[in-house]
Amino acid sequence: MLTPAQLLKGYARGVFPMAESAHDPRLYWYDPPLRGILPVGRVHASRSLLRDLRKGGWSAHLDGDFDAVVGACADRETTWINAPLMGLYHQLHGAGHAHALEIRHEGVFAGGIFGVTLGAAFFGESMVSARTNGSRMALLWMSSHLARCGFTLFDTQFLTPHLARMGGREIPREHYHRLLANALARRADLMAHPLPSGDQLWQEITQTS
């Protein structure tokens, strides 16, 4: 059985675990030749997404209900998050190495993202959208907050079309390992600063774009 300490050692070496399905208790280590990353503090926001943010009603909440966000990410027809992984993430959260950002619209759950932190690296594990733009808002808020808290690496493991539209790109394994080593040599704390309001996030994005 994989332990939380072994899981963190794997992340530090540049590998990550996945299950083949929710019903398969086994975990497999992955080290893809191309790694997906997002720019810290510079995720691309489309005009329609910014208009939606400007309309108001959006808010972000960090670690309000970690297990609920992880459960929502795993609640889909096909998932790589099995029960052993959920247990490991729960333990890492208790140790301060895993966090979940929840997005609400008019007070109702709209989406979220969770991941693991080590040094100045954030390993994004999964995200979920319960309404239009829910996961996109989660990426905007998380990217902004990572920059504010001193993180230098936003790892997405793989690159999807959704992530590519928001500024994600693929880099070779060797390049990723150099960025990882740099991030692990630094200190960052996701709880160091409060999350911005929707208006503050909109102003931050529009003033720097």
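The values are calculated or read from the model by the stated rules, or taken from the named source; none is laboratory data. All values reported here derive from a predicted model rather than from experimental measurement. All Cβ positions, glycine included, derive from the backbone under ideal geometry; neighbour counts span all protein chains shown.
Computed quantities for the displayed model
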{"read-out": "LEU62 vs. criteria at pLDDT 95 or above and farther than 26 Å from GLN91 by Cβ", "value": "no"}
{"read-out": "Failed item in (1) in a strand (DSSP E or B); (2) within 21 Å of ALA164 (Cα to Cα); (3) without any contact (Cβ under 8 Å) to a residue 40 or more places away in the chain, with ALA100 passing the rest", "value": "(2)"}
{"read-out": "Qualifying residue in region 128-150 (condition: among the aromatic types (Phe, Trp, Tyr) and under 15 Å from TYR11 (Cα atoms))", "value": "no"}
{"read-out": "Leading residue by the ranking (surrounded by the fewest Cβ atoms within 10 Å (Cβ to Cβ)) among those in region 153-199 that are over 17 Å from the mean Cα position of the chain (by Cα) and among the basic types (Lys, Arg)", "value": "ARG187"}
{"read-out": "Residue check for ASP52: assigned to a helix (DSSP H, G or I), more than 30 Å from GLN207 (Cβ to Cβ) and touching a strand residue (DSSP E or B) at 6+ places or on another chain (Cβ under 9 Å)", "value": "no"}
{"read-out": "Those residues of region 65-78 which are in contact with a helix residue (DSSP H, G or I) (Cβ under 8 Å, 6 or more places away or on another chain) and either modelled with pLDDT under 95 or surrounded by 16 or more Cβ atoms within 10 Å (Cβ to Cβ) (or both), in sequence order", "value": "PHE66, VAL70, ALA74"}
{"read-out": "Residue that is touching a Gly at 6+ places or on another chain (Cβ under 8 Å), of a type outside the set (Phe, Trp, Tyr), crowded, with 20+ Cβ neighbours inside 10 Å and outside any helix (DSSP H, G or I), where the choices are ILE81, ILE37", "value": "ILE37"}
{"read-out": "Considering residues of region 1-45 that are basic (Lys, Arg) and at pLDDT below 95 only, the residue farthest from ILE81 (Cα to Cα)", "value": "ARG42"}
